[in-house]
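The values are calculated or read from the model by the stated rules, or taken from the named source; none is laboratory data. Just so it is clear, the structure is predicted and the values come from calculations on it, not from any experiment. So basically every Cβ, Gly included, is an ideal-geometry build from the backbone, and we count neighbours across all protein chains shown. Areas reflect the complete protein model, heavy atoms only, side chains present, ligands, DNA and RNA absent. Shrake-Rupley method; radii C 1.70, N 1.55, O 1.52, S 1.80 Å.
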Amino acid sequence: MTQANYRIIASETDFIVVDKAPGVHFHSQDGSAGLVAQLEQDLDTKLYSVHRLDTMTSGLIILARSSTAAAAFTELFTEHRVQKFYLALASGKPKKKQGWVIGDMAKSRRGMYKLLRTTDNPAITQFFSQSVAPGLRLYLLKPLSGKTHQLRVALNSIGVPILGDPLYGPADAEADRGYLHAYALQFTWQGQNFDYRCPPSIGEQFNSTAVTQQLLTWQQPAELNWPQR
């Protein structure tokens, strides 16, 4: 089934995997149905959220089919046994082109968060980047924690807010979407290994030849030689 707001990538006994479109609310708000409510209506079944994506973020999301499966998935995410990989585009020159971003996060103004130098309960992100156009880089991000706005704050902290980000990007910047996409998920469920990858399909910059070519190099993100601390 294909809808404007999502594509179903996989339908398993205990869960479904969906490719969420950018600009779609995860939960219902302002009187309009969010992704979960729309899927429940379209599939005529109860679904349970076990993680979420920001409204601007597109890509892979898991929804459990039962409260028992939801509790098990929540445990997997809490114990960081689900590997998640994201793609982002950002303009400008980063303070570093690959490595780690580590620091505690604290609420800032206007619903934003900021990265602190302390590391009592840090947000941890590994990343690579590659130039795909003059002044524009593609980032492959691997969050090792699950903080709100973690990846948006991580790139902002190294001087390159995500292209089209309505909170952290420059107010005068124009983009046809927020360029953050949940690209891949890897986990083991009931003794079976699952590996989902979903390249972004929406966004002029994501569909450029240079991005498409770079994704050929990043087809197996879990197997890359990730930067060490």
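Quick rundown of the values:
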quantity	calculated
16 Å Cα-Cα reach of Lys142 towards aspartates and glutamates, excluding residues that sit fewer than 8 places from it in its own chain	Glu79, Asp195, Glu223
Exposure rank, largest accessible area first [Trp218, Trp100; 1.4 Å]	Trp100, Trp218
Correct option for Cα extents along the principal axes in Å [calculated from the coordinates] among [x] 65, 37, 32; [y] 71, 36, 32; [z] 47, 38, 35	[z]
Candidate residues Met56, Met105: accessible-area rank, largest first, probe 1.4 Å	Met105, Met56
Largest-first ordering by accessible area, 1.4 Å probe, given options Ser58, Ser108	Ser108, Ser58
Entries in Lys107/Lys147; Lys20/Lys96; Lys93/Lys114; Lys20/Lys93 that, when Cα-Cα distance is taken, lie over 22 Å	Lys20/Lys96; Lys20/Lys93
Computed accessible area, Thr57, all protein chains, 1.4 angstrom probe, square angstrom	0 Å²
Exposed-site-free run, longest, the chain (rule: GluC sites (Glu not before Pro); DSSP loop; at most 10 other C-beta within 10 Å)	80-173
Carbon + sulfur, % of accessible area of the chain - ligands and nucleic acids excluded, 1.4 Å	45 percent
Solvent-accessible area per residue, Å², over region 6-218 with all protein chains present [probe radius 1.4 Å]	47 Å²
